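The values are calculated or read from the model by the stated rules, or taken from the named source; none is laboratory data. Note that this is a predicted model, so its numbers are computed, not measured. Note: ideal-geometry Cβ built from the backbone for every residue, glycine included; neighbour counts use all protein chains shown.
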Amino acid sequence: MTAFRLNINGEIRELEGPADMPLLWALRDVAGLPGTKYGCGRGLCGACTVHIDGRATRSCQVTLEVLTPEQRITTIEGLSDAVGRAVQQAWITHQVPQCGYCQSGQVMAATALLSTNPAPTDVEIDAHMAGNLCRCGTYQRIRAAIHTAAGVVKDGPAVGRVQGSSAS
């Protein structure tokens with residue numbers, strides 16, 4: 001067992017585990033943050049998406065040994081900036097989740113997209129979100145929610161309307 005100092009949700013935390021432990025398991029089992037979900041364990045489904053320095057990252061594919069305390073790890077529990085709040089509210093407005101299992105990864109990926117591209121087109125949304133799978137097939141609602149959140153991010157909280165897509 002090795003001690004690791006990680007910046008998780010703005011707080012430096014010391015976690016113990018094997019050097020090759022995936023960040024996913026360190027977050028869920030050691031840090032007690034169960035919002036990041038295990039999906040496939042191979043980085044293919046996106047359920048385990050977190051932000052590392054603002055970039056959407058599959059936490060099942062990153063081991064503790066490669067992380068430093070300078071890197072900012074954000075989980076769904078720590079997503080509190082304006083973009084993250086806009087995405088979460090849009091998810092509620094459009095009733096995106098059905099089973100909800102993939103949704104923390106979906107929200108994290110959408111937030112990373114809007115943080116770098118506050119007005120994405122349908123094509124850009126589809127390309128960015130392609131690696132996040134939803135067994136329930138709520139892709140149209142996901143896209144509509146991203147457009148709504150983009151309107152809030154771009155124009156402020158009073159706007160937040162669906163742009164370029166219909167809610168279904």
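Brief remarks on what is shown
- Among (1) among the aliphatic types (A, V, I, L, M); (2) modelled with pLDDT under 95; (3) buried (at least 20 other Cβ atoms within 10 Å of the Cβ), the one test that Met108 misses: (2)
- The single condition from (1) closer than 18 Å to Gln103 by Cα; (2) crowded, with 19+ Cβ neighbours inside 10 Å; (3) among the aliphatic types (A, V, I, L, M) that Val62 fails is (1).
- Top-ranked residue in the stretch 7-24 [being farther than 22 Å from Ser80 by Cβ and touching a residue at least 12 places away in the same chain (Cβ under 8 Å); ranked as surrounded by the most Cβ atoms within 10 Å (Cβ to Cβ)]: Pro22
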